[in-house]
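Take a look at the structure below.
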Amino acid sequence: MRASFGRRYLLSASHRLHTGKLSDEANRAAYGKCNNPYGHGHNYVLEVVVTGAVDETTGMVMNLVDLDQAVHTRVLDRFDHANLNLDPVFADLVPTTENFCRVVYEELEGALPIGMLERVRVEETENNFFEYAGPVRG
């Protein structure tokens with residue numbers, strides 16, 4: 001039997017949406033108030049969903065402790081209460097929540113058993129959320 005297991009985590013981080021590929025005027029037009037030179041922050045809700053065979057002995061898809069350890073080590077310890085613009089992964093990548101969601105997925109993909117990570121969802125505000133389920137294959 002296959003099943004999915006999801007877990008929610010909270011983190012706070014700041015960012016400024018700005019790219020050197022656009023003029024200051026074009027950045028303001030593209031990103032609006034999110035282009036504030038001083039940045040702004042969000043209290044993100046991160047959802048991680050793993051899918052796999054249910055272990056016959058434990059009855060679980062994945063041990064909760066193992067998932068928590070991977071998320072804390074690879075994501076929360078690195079990004080919680082951080083300025084995303086200052087993280088090396090965003091040196092040439094605008095820290096939009098779309099890109100942040102993909103970065104989180106890639107960090108966790110390397111820490112979980114192959115093929116187990118189903119998707120990552122990042123809720124930026126009560127109205128905005130973003131999901132990433134890996135690169136398009138085919």
Could you please find all residues in the range 101-117 being more than 16 Å from residue 76 (Cα to Cα) and either buried (at least 17 other Cβ atoms within 10 Å of the Cβ) or of a type in the set (Lys, Arg) (or both)? 116, 117
Quick one: would you say residue 98 is surrounded by fewer than 16 Cβ atoms within 10 Å (Cβ to Cβ), closer than 26 Å to residue 22 by Cα and in contact with a strand residue (DSSP E or B) (Cβ under 7 Å, 6 or more places away or on another chain)? yes
Elements of type helices (runs of 4 or more DSSP H) in the range 24-138, at least 2 residues being more than 17 Å from the chain's Cα centre (by Cα) and without any contact (Cβ under 8 Å) to a residue 60 or more places away in the chain: 24-31, 64-71
Just to be sure before I move on: is residue 86 surrounded by fewer than 17 Cβ atoms within 10 Å (Cβ to Cβ), modelled with pLDDT of 95 or more and among the aliphatic types (A, V, I, L, M) in the structure I sent? yes
Counted residues in the range 38-94 being at positive phi and not small (Gly, Ala, Ser) come to 1
Which count do you get for residues in the range 20-63 that are touching a Phe, Trp or Tyr at 6+ places or on another chain (Cβ under 8 Å) and surrounded by fewer than 15 Cβ atoms within 10 Å (Cβ to Cβ)? 1
Residue among 68, 77, 87, 55 that is acidic (Asp, Glu) and farther than 28 Å from residue 4 by Cα: 87
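The values are calculated or read from the model by the stated rules, or taken from the named source; none is laboratory data. Everything quoted here is computed from the prediction, not taken from an experiment. Quick reminder, even Gly has a Cβ in these numbers, built from the backbone with ideal geometry, and neighbours come from all protein chains shown.
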